[in-house]
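Undergrad: Before anything else, here's the structure in question.
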Amino acid sequence: MVETPCVKICRMLEGGALCRGCGRTLEEIAHWTTMSPEERRAIMGGLAERLKRADMLDKQSRSEA
């Protein structure tokens, strides 16, 4: 079984850069099963920070609207 950060909340953030549920890009999602375990772990290691930054930017853009 392939290790995955998917949490079954598959919605792209505003602008389509990242999945709201897992924090991966569409390219990463599309190539996930062909990546090596090391590549997947490297990506997973940065997902929490990506989502945190994306959430901050999303809140900022909403407050400016």
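Undergrad: Between Arg50, Arg62, Arg40, Arg24, which is at pLDDT 95 or above and assigned to a helix (DSSP H, G or I)?
TA: Values: Arg50 fails: at pLDDT 95 or above; Arg62 fails: at pLDDT 95 or above; Arg24 fails: assigned to a helix (DSSP H, G or I).
Arg40 is the lone residue from the list that is at pLDDT 95 or above and assigned to a helix (DSSP H, G or I).
Undergrad: What is the residue count in segment 20-62 for residues that are of a type in the set (Asp, Glu), over 21 Å from Lys8 (Cβ atoms), more than 11 Å from the chain's Cα centre (by Cα) and surrounded by 10 or more Cβ atoms within 10 Å (Cβ to Cβ)?
TA: The number of residues fulfilling the criteria is 1.
Undergrad: Give the residue that is most open to solvent (accessible area, probe 1.4 Å), with candidates limited to residues of segment 8-19 that are in contact with a strand residue (DSSP E or B) (Cβ under 9 Å, 6 or more places away or on another chain) and farther than 14 Å from Arg50 by Cα.
TA: Arg11
Undergrad: Do we have Leu18 as touching a helix residue (DSSP H, G or I) at 6+ places or on another chain (Cβ under 6 Å) and without any contact (Cβ under 8 Å) to a residue 60 or more places away in the chain here? Spell out how you get there, then give the answer.
TA: Details: touching a helix residue (DSSP H, G or I) at 6+ places or on another chain (Cβ under 6 Å): yes; without any contact (Cβ under 8 Å) to a residue 60 or more places away in the chain: yes.
When the stated conditions are applied, Leu18 passes them.
The values are calculated or read from the model by the stated rules, or taken from the named source; none is laboratory data. What you are looking at is a predicted structure, and each value in this text was computed from that prediction instead of being measured. Using ideal geometry, Cβ is built from the backbone for each residue, glycine included, and neighbour counts are taken over all protein chains shown. Note: areas computed on protein heavy atoms with side chains; ligands, DNA, RNA excluded. Shrake-Rupley method; radii C 1.70, N 1.55, O 1.52, S 1.80 Å.
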